[in-house]
Amino acid sequence: MADPMRIRAQAKGNDAVVRVLMSHEMETGQRKDSSGKVIPAWHITDVTATHNGKPVLKAEWGPAVAKNPFMQFTVKGAKAGDKIAVSWKDNRGDTRTDEATVS
Amino acid sequence: MKTTRRQTLQQSAAVAALLATAGLLPRTALAWTPAAFEAKTVADALKAMGAGAPVESKDVTLTAPDIAENGAVVPMGVATTLANVKLLAVLVEKNPSPLVARFDVNESVEPNFLTRAKMGQSSDVYAVAITNDGKALFSKKEVKVTLGGCGG
């Protein structure tokens, strides 16, 4: 299992700004190892997020997203105490979900 | 006969599963749509996401540095003030595959997303908004990279 995501959700007016730092190699499939063999692509492909269980974000990523990806988005109509859950899935089928409370 | 039908169904399911893994069956709506990410040009990536020829627009904003010290981690933001937008995408023209990320837009999130991307070399970076009727509007900026981010 990968390291947990760091999620910070802060209320700003009627919205919540959510910042997520994920732990993932995001291998492009362009690099070669020391013996000249291509290191296969291994990266997050789908990212979703929910606000109190309701889906609010759906994103698709390619291998060009940086290693240990950072993402920031703003959920409308969120307030302190609400729950934001972020999930990712990678091209190997691994998944991870972490949750944070809006502060 | 019951046994034969059940066996046929089981075999079909097994074959379907194999084909799905091999990528020969259409994926579900929630799965990764690789065609856009595998496109080799900005125009092909946009077409794969259902957009027509892109038009430059002041209503789409791209936030990116003029010079990226480290091509492995370049902050990029895409936002729009337009209504009727279906998705926002970030593309790096000179990357091996230009499409970096796409974010679906709905009424629960602000159409404003920030992430960090890898750039192989100095290149134009595009922020594109695709509307519900398939129009593509973009903003672009040249980002110079001092150290390429694709490794090697």
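None of the figures in this text is laboratory data; all of them are computed from the coordinates on show. Computed from a prediction, not measured in an experiment: that's the story for all the values here. Glycine gets a Cβ as well: all are built from the backbone with ideal geometry, and neighbour counts include every protein chain shown.
Placing unit charges on C-beta atoms (Lys and Arg positive, Asp and Glu negative, everything else neutral), compute the dipole magnitude of chain A about its Cα centre in debye, rounded to 20.
240 debye
Give the average, rounded to an integer, of partner chain Cβ atoms located within 10 angstrom of each Cβ in B:92-101.
If you average over the peptide's residues, the count of other-chain Cβ atoms is 4.
Which entries in B:Lys118/B:Lys140; A:Lys32/A:Lys67; A:Lys76/B:Lys118; A:Lys89/B:Lys94; A:Lys54/A:Lys83; A:Lys54/A:Lys79 show an alpha-carbon gap greater than 21 Å?
Over 21 Å apart, Cα to Cα: A:Lys76/B:Lys118; A:Lys89/B:Lys94.
Work out the mean other chain Cβ neighbour count within 10 Å for the residues of A:26-32 and drop it here as an integer.
Mean inter-chain Cβ contacts per residue within 10 Å come to 4.
Among B:Arg6, A:Arg8, B:Arg116, which comes first, then next, by fewest other beta-carbon atoms within 10 Å?
By the 10 Å Cβ count, ascending: B:Arg6, A:Arg8, B:Arg116.
What is the fewest-to-most order of B:Glu107, A:Glu99 by other Cβ atoms lying within 10 Å of their Cβ?
In order of increasing Cβ crowding within 10 Å: B:Glu107, A:Glu99.
Show me the ranking of peptides A:25-32, A:71-78, B:53-60 by mean Cβ neighbours inside 10 Å, starting with the highest.
My ranking of the peptides, most packed first, is A:71-78, A:25-32, B:53-60.
On alpha carbon coordinates alone, what is the Rg over Rh value for the protein assembly as shown, Rh being the Kirkwood radius?
Radius of gyration relative to Kirkwood radius: 1.01.
In units of 2.2 N^0.38 Å, what is the alpha-carbon radius of gyration of chain A?
It is 1.20.
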